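See structure below.
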Amino acid sequence: MKSTSNQQKSCLIIGGGISGLIAGTMLQRHGIKVTILDKGRGIGGRLATRRIPYKSNGQGIFDYGAQFFTVSEPKFQQWVDQWLEQGLVREWSKQLSNTETTCYCGIESNRSLAQHLAKDLNVHLQTRATKITWDASYWTVETEKGNSFHGDILIMTSPIPQSLALLENSDITLPPQIKSSLEQVTYYPCLTVLALLDQLSLIPEPGGLRLKDPSLAWIACNHKKGISPQGFAVTLHSTPEFSETHWNTEDSIVVEKLLEIASSWLGSNVVEYQLHRWLYSHPKTVYGELYLDLQQPGLLMMAGDAFSAIPALDLSLNVEKATLSALATANYLLKQVELN
Ligand SMILES: Cc1cc2nc3c(=O)[nH]c(=O)nc-3n(C[C@H](O)[C@H](O)[C@H](O)COP(=O)(O)OP(=O)(O)OC[C@H]3O[C@@H](n4cnc5c(N)ncnc54)[C@H](O)[C@@H]3O)c2cc1C
């Protein structure tokens, strides 16, 4: 298992969201053997898309995590330009973000961008990491299903509270100052309703609307967005305040309240709905650096959207933050590998 400096290095990545996928892509391009583990059924983490079947052969397709993303840094623009060229993303609108910059979305769906990034990577889905151990020269990740994976390097890209829980379960001790800084990072929750309508919604073109309501933050028509041709699929995101207040409220009550607020934009009957509870939707506070080397005997890193100098001023900058963290992590690791 041990790899000496002239053997190919290997890296395990916990999390197949945008940060895990970008870090994995960069490391693999530089000759590192990458394995990505994700507990989800689908790839992409919070770049999430779900289908709800409708009638005999119809379906509603919902982007129910990130809705679109914006770009502020050339490093991220380079990736987005490639995705535009490859026909993976498109400009959705300029009016949807607070800053009136171009908003991009996946052409097929937002998850389809993650699927594209994952296609040349070794990804294990429905694989929840439950314990990590450093075995003198390599990391072992044990999973819920009783499998284990090994690697010279380990990157954790799950939301920080989840990574901290995993470290604690693994009896890995962190320097007290680092632990305390990580514990201070918090995230907004979000309650998301996926509502399938029997007719086209009244949400105006281009199909997304930021609201000033104290309970409902966002409503989007996935049909007008172009990702749900066969179904009138509407996504509703509650505000952080509503999500906190109603975190433990029964599904049907939450849905009823949010649909009632949205009724003038829906204009038709809801034939089917689902509720998704995002405990860690996007960071409220951040770690302050683009990545964290946990200073363990083997290279153990943390990355993701909460690793940033400042919290995103606009929600739509979070996909970029996650990507920039992943790129910085990969660059740091490549230098470390070169040095050894
Ligand atoms: C409702 C909502 C709306 C949003 N809107 C926008 C928006 O419009 N624009 C924007 O830019 N951003 C938005 N965001 C934020 C954006 O989606 C995230 O910032 C970004 O996708 C985070 O990527 P990531 O790779 O850091 O984390 P994630 O995508 O969360 O990836 C982490 C992965 O780790 C996996 N994982 C966790 N624990 C384990 C474990 N023990 N074992 C294995 N796998 C594990 C998870 O399954 C997950 O796939 C939104 C998020 C939500 C939820």
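Here, each number is a calculation from the coordinates, and none is a lab measurement. The structure displayed is predicted, hence computed values, not measured ones. Here the Cβ positions follow ideal geometry from the backbone for every residue, glycine too, while neighbour counts run over all protein chains shown.
Computed over every Cα-Cα pair of the stretch 239-332 and binned at 5 Å starting from 0, the pair-distance distribution P(r) comes out as 2, 11, 17, 14, 12, 12, 11, 9, 6, 3, 1, 0 percent.
Once the gyration tensor of the Cα atoms in the stretch 224-290 is diagonalised, the equivalent ellipsoid follows with semi-axes of 26, 18, 10 Å, ordered largest first. What does the charge add up to near Leu191, with Lys and Arg as +1, Asp and Glu as -1, over the other residues with Cβ less than 10 Å from its Cβ? Result for the local shell: 0. Placing unit charges on the Cβ atoms only, positive for Lys and Arg and negative for Asp and Glu, gives the chain a dipole magnitude near 600 debye about its Cα centre. With all pairs of separate Cα atoms included, the chain yields a Kirkwood hydrodynamic radius of 20.8 Å. Here the average projected area of the convex hull drawn through the C-alpha atoms of the stretch 82-174 stands at 9.0 nm². Extents of the stretch 140-267, taken as max minus min of Cα coordinates on every principal axis and listed largest first, are 54, 31, 27 Å. Taking every C-alpha pair closer than 8 Å and separated by at least 6 residues, the mean separation divided by the residue count of the chain gives a relative contact order of 21 percent. Within the same chain, aspartates and glutamates fewer than 8 places from Lys119 are excluded, and of the rest, those with a Cα less than 18 Å from its Cα are Asp38, Glu85, Glu108. Contact order, relative form, for the stretch 62-179: 16 percent (alpha carbon pairs under 8 Å, 6 or more residues apart, mean separation divided by residue count). With a Förster radius of 22 Å, plug the Cβ-Cβ distance of Ala309 and Gln336 into 1/(1 + (r/R0)^6) and report the FRET value to the nearest 0.05. Result of the calculation: an efficiency of 0.55. Computed about the Cα centre, the dipole magnitude for the stretch 159-314 is approximately 320 debye when only Lys and Arg (+1) and Asp and Glu (-1) carry charge, each at its Cβ. Here the Karplus relation 6.51 cos²θ - 1.76 cosθ + 1.60, evaluated at θ = phi - 60°, turns the backbone of the stretch 14-25 into coupling constants of 8, x, x, x, 4, 5, x, 5, 6, 4, x, 4 Hz, with x for every Gly and Pro. Per-residue Karplus couplings for the stretch 140-149, computed as 6.51 cos²θ - 1.76 cosθ + 1.60 with θ equal to phi - 60°, are listed in order as 10, 10, 9, 10, 3, 7, x, 8, 9, 10 Hz, Gly and Pro entered as x. Each Lys or Arg adds one and each Asp or Glu subtracts one; over the other residues with Cβ under 11 Å from the Cβ of Leu21, this totals -1.
For the stretch 280-329, the ratio of Cα radius of gyration to the globular rule of thumb 2.2 N^0.38 Å stands at 1.14.
Per q in 0.19 Å⁻¹, report the Debye log10 I(q)/I(0) for the stretch 1-102, using one uniform scatterer on each alpha carbon and no solvent. Result of the Debye calculation: -1.12. Separation of the alpha carbons by more than 21 angstrom is noted, of Lys39/Lys75; Lys33/Lys335; Lys284/Lys321; Lys33/Lys179; Lys9/Lys335, for Lys39/Lys75; Lys33/Lys179. Distance from the Cα centroid of the stretch 47-91 to that of the stretch 95-119 is 4 Å (rounded to whole angstrom). Less than 5 angstrom separates the built amide H of Thr49 from those of Tyr64, Arg111, all sequence-distant by 5 or more or on a different chain. Taking every alpha-carbon pair under 8 Å whose residues sit at least 6 apart, the stretch 111-261 reaches a relative contact order of 15 percent.
Local charge sum around Asp305 (other residues, Cβ-Cβ under 10 Å, Lys/Arg +1, Asp/Glu -1)? Result for the neighbourhood of Asp305: +1.
Between the stretch 268-316 and the stretch 122-162, how many Å separate their Cα centres? If you average the Cα positions of each part, the centres end up 19 Å apart.
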